[in-house]
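Down below is the structure, laid out as structure tokens.
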Amino acid sequence: MNLWHNFHYAVAMVLFCIGLYTVIMRRNIIKKIIGLNVMETSVFLFLVSIGYRKGGIAPIHGPGADPSRMVNPLPQALILTGIVVAVSVTALALSLVILLYRQFGTLDVSRLFREEEEEAG
Amino acid sequence: MSGAFKHLPIMMITLPMLGAALMPFVSYLRREAVPWVSALFLVVSGVLGLLLAGRIPPDGCVGYRLGGWEPPFGIELKVDFAGYFLMMVVCGISLLALLYSRLYIIREVEGGKITAYYVLFLLLSASMMGFVVTGDIFNLFVFMEILAISSYALVAVTGNRNAVRAAFKYLLMGAPSSIMVLLGIGLLYSATGTLNMADLAARVGETGYREVLIASFAVLVLAFMVKAAIFPLHLWLPDAHSIAPSPMSAMLSGLVVAVSAFAIARIAFSVFTVHSWGVVGTTLDALAAAGAAAVLFGGIMAIYQRDFKMMIAYSTISHMGYIVLGFTALNPEGLTGAVYHVLDHGIAKACLFLCAGNFIYRKGYRRIDQLKGAWREMPWTCFAFALAAWSVIGLPPSAGFISKWYLVYGNVKADRVPYAVVLLIGAILAAVYCFRIIYYMFFQPGEEGAWRDQVMDAPAGMLAPTWALSLATLFFGVFSYLFLDSLLKAAASLLA
């Protein structure tokens, strides 16, 4: 139960924090979306590593298959769904970026929101 | 339940989804038929729901195995009375907002995108219905994502610059929170090895990984706080809800955030259960404090708004605080108040947004001071607004009074008098921002030329849904005794 044996969890969390930092701090909206994808990937990595076991085999039942050595297939199935969701969110986000760029001519959030204040004031 | 009845809950969810898939074909054949056909799907779904009435035991639940796979291996729907009640609320309000859209949306959305609007609308209602009754926590995530993606797209559907910007802001806060939900589910799975809620409830008490459970619950609550726009994480809401087309604002404000707030209760009570209060207690206390802050912050901000729809959006932030304060009282009365508040807040808020839509449709007015003297030209809309505002404030005999009564009662019973006082202050703030508009509408002379002297209200196709909602606030206030006993029993069994 030490960190060395569970380093993949630590890697996932570090990636998660890098992604969150990018989403929050970067001013370029495309970079924000990249950050979003890094966050997603970190969670996928975390989930897949839950089901991993050292020297495991593919979970296919049949003659001679040893169920005690199989990796857990459930997290992988979840990740498949998660990837589909992530792709659709990214596609939607990028299409919004195209619309934003057409209408504002900038990808910089601080400029997008400065205009908002001017319109309100 | 036996025979065909046991399939009704899943039919209620899949019918609007099927409708969403069919709409492009309907549009190809006859574009004018799209609103009516999509309404038909929701009507059928609602009728199936009415057939279920009385068949759901108030103190238990009806399970449905998707594809016949036995839980905990397959996905399961668990329809308890609270879930069924919310499913009907979602279905009813969606139907009225959909009917309202028919005339309204052609003004704001260009021709080719109208079908897309209805497709997304049906997906949104179907996913919300699934969201409140699912018994599998990963399935909850999937429904939540359908809900989230369709609402991002619906905020941006008009395609004008402010709408796109608001939708992007919504996505930038919504998407990380969705990822955090997945992270929370992953943590929960790593500690327990199951995704079925009933199975989780049994295993959460036994597992030794207490820290993992605490982390998982905190992450899930934080994520759903963003989705439900609870105070410090509300930043996306005012823009998204005020800029979306009015019937869509009604859906987003009345239902989407409220079912997300209910999801926190569902996770706290159906997954973590009372037996693990040691695990979740601190997080729930923090959540209650955030809820109390939301009630005050939302109410005060609403008073200072100049834009009519912006004011209603801030009022929503305040009301999400009410729901949170209700179920964190951890007694049946508080939980009943929270569930009933999802109903009456949904109805009243939807009605307010549809009234705002009527003003925008007829006059293009969005600012509050432009509403001075509005009753001369649009009396029906003004009266509907007044009735709904009555419920938002929580005055008898409206439905808002019933839920606030239970919320305050639940909090007092849980020895949380300060929170009960916050709820009452919230009602006073609501009175300030609602009566200001009522005063402007009925008792102030309008500016020269702002309003005509003859009555020229919104068309009947838009007034009818508006009035149906405003009368519903009275109906669910006067006839609340029909539902409250069952809701109290359902809440007690959730907390057992």
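Structural remarks
- In the stretch B:313-368, the qualifying residues are those that are surrounded by fewer than 24 Cβ atoms within 10 Å (Cβ to Cβ) and not in a helix (DSSP H, G or I), and the one that is farthest from the chain's Cα centre (by Cα) is B:LYS363.
- Counting the residues of the stretch A:82-98 that are of a type outside the set (S, T, N, Q), more than 7 Å from chain B (Cβ to nearest Cβ) and within 14 Å of the chain's Cα centre (by Cα) gives 5.
- Selection of the stretch B:376-424 for residues being assigned to a loop (DSSP other than H, G, I, E, B) and not charged (D, E, K, R) yields B:MET378, B:GLY394, B:LEU395, B:PRO396, B:PRO397, B:SER398, B:ALA414.
- Qualifying residue in the stretch B:284-295 (condition: buried (at least 24 other Cβ atoms within 10 Å of the Cβ), modelled with pLDDT of 85 or more and in contact with a Lys or Arg (Cβ under 8 Å, 6 or more places away or on another chain)): no
- Of the residues B:SER177, B:SER190, the single one that is within 26 Å of A:TYR21 (Cα to Cα), of a type in the set (S, T, N, Q), at pLDDT below 90 and touching a Leu at 6+ places or on another chain (Cβ under 9 Å) is B:SER190.
- Within the stretch B:164-179, being crowded, with 22+ Cβ neighbours inside 10 Å, more than 7 Å from chain A (Cβ to nearest Cβ) and among the hydrophobic types (A, V, I, L, M, F, W, C) holds for one residue alone: B:ALA166.
- Residue within the stretch A:66-75 that is facing another protein chain (nearest Cβ under 9 Å), surrounded by 14 or more Cβ atoms within 10 Å (Cβ to Cβ) and at pLDDT below 85 present: yes
- Filter result (away from every other protein chain (no Cβ under 11 Å) and within 10 Å of the chain's Cα centre (by Cα)) within the stretch A:23-40: A:ILE34
- Within the stretch B:435-460, restricting attention to residues that are in contact with a Phe, Trp or Tyr (Cβ under 8 Å, 6 or more places away or on another chain) and in a helix (DSSP H, G or I), the residue that is surrounded by the most Cβ atoms within 10 Å (Cβ to Cβ) is B:MET441.
- Among the residues here, B:ARG161 qualifies as surrounded by fewer than 23 Cβ atoms within 10 Å (Cβ to Cβ), within 8 Å of another protein chain (Cβ to nearest Cβ), closer than 29 Å to B:MET248 by Cβ and more than 19 Å from the chain's Cα centre (by Cα).
- The set of residues from the stretch B:208-219 being touching a residue at least 40 places away in the same chain (Cβ under 8 Å) and not β-branched (Val, Ile, Thr) comprises B:ARG210, B:LEU213, B:PHE217, B:ALA218.
- Look at (1) surrounded by fewer than 15 Cβ atoms within 10 Å (Cβ to Cβ); (2) out of contact with any helix residue (DSSP H, G or I) (no Cβ under 8 Å at 6 or more places or on another chain) and you find that B:GLU108 fails only one, number (1).
- When the stretch B:112-169 is filtered for residues that are farther than 24 Å from B:LEU40 by Cβ and not in a helix (DSSP H, G or I), the ones remaining, listed by number, are B:THR134, B:GLY135, B:ASP136, B:ALA156, B:THR158, B:GLY159, B:ASN160.
- Failed criterion for B:GLU145 (all others in (1) crowded, with 21+ Cβ neighbours inside 10 Å; (2) touching a residue at least 60 places away in the same chain (Cβ under 8 Å); (3) under 27 Å from B:ALA265 (Cβ atoms) hold): (2)
- The set of residues in the stretch A:13-22 being within 10 Å of chain B (Cβ to nearest Cβ) and surrounded by fewer than 21 Cβ atoms within 10 Å (Cβ to Cβ) consists of A:MET13, A:LEU20.
- Check on B:VAL212, more than 11 Å from every other protein chain (Cβ to nearest Cβ), among the aliphatic types (A, V, I, L, M) and over 30 Å from B:ALA116 (Cβ atoms): no
- The one condition in (1) touching a residue at least 24 places away in the same chain (Cβ under 8 Å); (2) of a type in the set (Gly, Ala, Ser); (3) in a loop (DSSP other than H, G, I, E, B) that B:GLY54 fails to fulfil: (1)
- Within the stretch B:192-207, considering residues that are free of Cβ contacts under 8 Å to residues at least 60 places away in the same chain and more than 10 Å from chain A (Cβ to nearest Cβ), the one nearest to A:GLY82 (Cα to Cα): B:THR192
Residue by residue, here is whether (1) facing chain B (nearest Cβ under 10 Å); (2) touching a residue at least 24 places away in the same chain (Cβ under 8 Å); (3) on the phi < 0 side of the Ramachandran plot; (4) surrounded by 12 or more Cβ atoms within 10 Å (Cβ to Cβ) holds:
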residue	(1), (2), (3), (4)
A:SER42	yes, yes, yes, yes
A:PHE46	yes, yes, yes, yes
A:ILE57	no, no, yes, yes
A:HIS61	no, no, yes, no
A:ALA77	yes, no, yes, yes
A:GLN103	yes, no, yes, yes
A:THR106	no, no, yes, yes
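The values are calculated or read from the model by the stated rules, or taken from the named source; none is laboratory data. Keep in mind that what you see is a predicted model, and the values were worked out from it rather than measured. Here Cβ is always computed from backbone atoms with ideal geometry, including for glycine, and neighbour counts include all displayed protein chains.
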